[in-house]
Amino acid sequence: MLLLYMTRLRSDLLWVPTFAILVAFAVPWPLWGVDRVVAGLPVWIWWHVAWLGLCTALFALFVRSGAWERGMGQRPDADASSGRDPSGSVGGDRR
Amino acid sequence: MTLGLSLGIVVGYLVVALALGLVAYRVSETTAEDYYLASRSIGTLVLLFTTFATLLSAFTFFGGPNLAYAAGPEWLVVMGTLDGVLFAVLWYVIGYKQWLIGARNGYVTLGEMLGDRFGSTGLRALVAGVSLLWLFPYVMLQQMGAGEALVGLTDGAVPYWGGAALITGFIILYVTVAGLRGVAWTDTLQGLFMLSVVWIAAAWVVSSLGGVGAATEGMLAARPEFGSFGGGTYTPGFIVSTAITIAFGVTMFPQINQRFFVAKSAETLKRSFALWPVLVLLLFLPAFMLGAWAAGTPVEVPDGANVLPVVLSEYAPAWLAAVVIAGAMAAMMSSSDSMLLSGSSYFTRDLYRPLVDANASERREAWIARIGVATFATLAFVASLFRPGTLIEVGGTAFSGFALLALPVTCALYWPRTTRTGMIAGVAVPQATYLFVVLSSVLPLVPTLPRTVLGGWDVALGLMALSGALTVGVSLLTAPTEESDASRFAVTGD
């Protein structure tokens, strides 16, 4: 159980660069100076719209995977109704 | 369409919102926790919309389209990035952490949380004082927006000061009778209302212009540079520093920061987090594109007027223009009442109680809060009559001021080694410097200092870096005081 938790914790670290990329490229930097119009709007606006959709999808995945709680040292299942319960904490596994 | 009907729609809407607040007040308890936090019982839809409506103020509704009209639709990307993505990440990093800490220790304000952690009334008062300072221009911004909106809607029949006074009156009345439960309820109503109305308005204008493609073609014919990404106002420095200062600033806004304490459960925070980027986009896309498309129409926007009402009065029926203005006024009202409500809790809990009268009764505290709100709103109203800058300039100043708090607070939340002296240095020095830069344009004896350097980089961004460096550096050089207690912020185990 604990081992699984530690493995999860390590793969959760991938969220840090993921979030960094999501923030950085919400601005369509690769399209700097591009003036093509696609389907009635400048193409870089479409990039931004699609990117924010991607953000919502990945944020939802972040929440569903339990990384939301693990990131703050909480246990996902115990936190479902309230984070106030101290038993929802990770006990001896404090980082 | 008569002037009376337009005004009737606007005032009628404000009255409905007020009535809703009164109903909420009737069901609320009279404790401070209920007044300010609705007993920490806010659910997902209401939390999402109360945060949403609070963010969406004259800055978004009028300032945004104005900038898109003048400088191009890139503003959509700037605001979408900072509000939809960066703020969402901070919602987790700062907001969820604060929720965990707040739920354990029963905090109501940011200053209270920090003051308790570092055992320092001084720090508590400093954070509250700084927050109230930057709240002032932002409240003013709403009054400026309302004043301009009614001038635009009524062709000057209602003077600028009249619109500003009208909204000031409603805000004071509203906050003093309703408390957060009322504010949260009407925010939800207003959020849904604004979203629908702005889409209807966009659809109406676009169909008058012959569709999205034709609207964009018209825009590009008049302003070819709007089509390519970047350029003009939108330098990389402007985009990056605006996005960072506003997103961090938003988290420290009293009304937003206090929202981090009100969620009923973590579930509420999680759902709001995931929905946030799309919700933000749904509002910004039509609002800012309307501003950009307006550049391709023959519409003349007079100096000091807002694009959105002018375009609507040209291309949409008068009742729709009135409804949109009502929605915008509602946005400003919900922004202001949330701000003033949170501001009043900062004032009574972090300044009045600790420094003036620790034993004030609840009843007395409630009265002090209400008098404080009325005074603050009235002073902001008076200042708004001088119109010291554009909506974006006044708003940007407030955001940057708040942004300077964000890194010291984050440091305190995550780094147990942070000391009281480190916090005070990290907050006070950059704040004093920024205030000096802002005031240098009005002080007679000093030269006006530049607000941006090297092609659009905001000096506030440099000061943010300074605030972080000072907090960490001074903390390393000083020892924690005896009164401080890092375990107050521990959330992982006991």
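Tell me, which helices (runs of 4 or more DSSP H) lie completely within segment B:249-338 with 1 or more residues that are more than 29 Å from B:G4 (Cβ to Cβ)? Fully inside segment B:249-338 and qualifying: B:254-262, B:266-294. Among the residues of segment B:249-286, the ones that are over 18 Å from B:T188 (Cα atoms), of a type outside the set (S, T, N, Q), surrounded by fewer than 22 Cβ atoms within 10 Å (Cβ to Cβ) and modelled with pLDDT under 85 come to 1 in all.
Here is a yes/no grid of residues against (1) more than 7 Å from chain B (Cβ to nearest Cβ); (2) without any contact (Cβ under 8 Å) to a residue 12 or more places away in the chain; (3) part of a helix (DSSP H, G or I):
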| site | (1), (2), (3) |
| --- | --- |
| A:L9 | yes, no, yes |
| A:P17 | yes, yes, yes |
| A:L22 | no, no, yes |
| A:I45 | no, yes, yes |
| A:G53 | no, yes, yes |
| A:L58 | yes, no, yes |
| A:F62 | yes, no, yes |
| A:W68 | no, yes, yes |
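Considering only residues that are under 30 Å from B:I200 (Cα atoms), within 7 Å of another protein chain (Cβ to nearest Cβ), in contact with a Gly (Cβ under 9 Å, 6 or more places away or on another chain) and aliphatic (A, V, I, L, M), which ones fall in segment B:262-284? Correct list: B:V278, B:L281. Any residue that is buried (at least 24 other Cβ atoms within 10 Å of the Cβ), at pLDDT below 95, under 20 Å from B:F61 (Cα atoms) and not charged (D, E, K, R) - is there at least one of those in segment B:386-393? Yes, segment B:386-393 contains at least one residue that is buried (at least 24 other Cβ atoms within 10 Å of the Cβ), at pLDDT below 95, under 20 Å from B:F61 (Cα atoms) and not charged (D, E, K, R). Here the helices (runs of 4 or more DSSP H) wholly within segment B:92-205 that include at least 2 residues being basic (K, R) are B:97-105.
The values are calculated or read from the model by the stated rules, or taken from the named source; none is laboratory data. This structure is a prediction, so every number in the text was calculated from the model and none was measured. Reconstructed Cβ throughout: ideal geometry from the backbone, glycine too, with neighbour counts over all protein chains shown.
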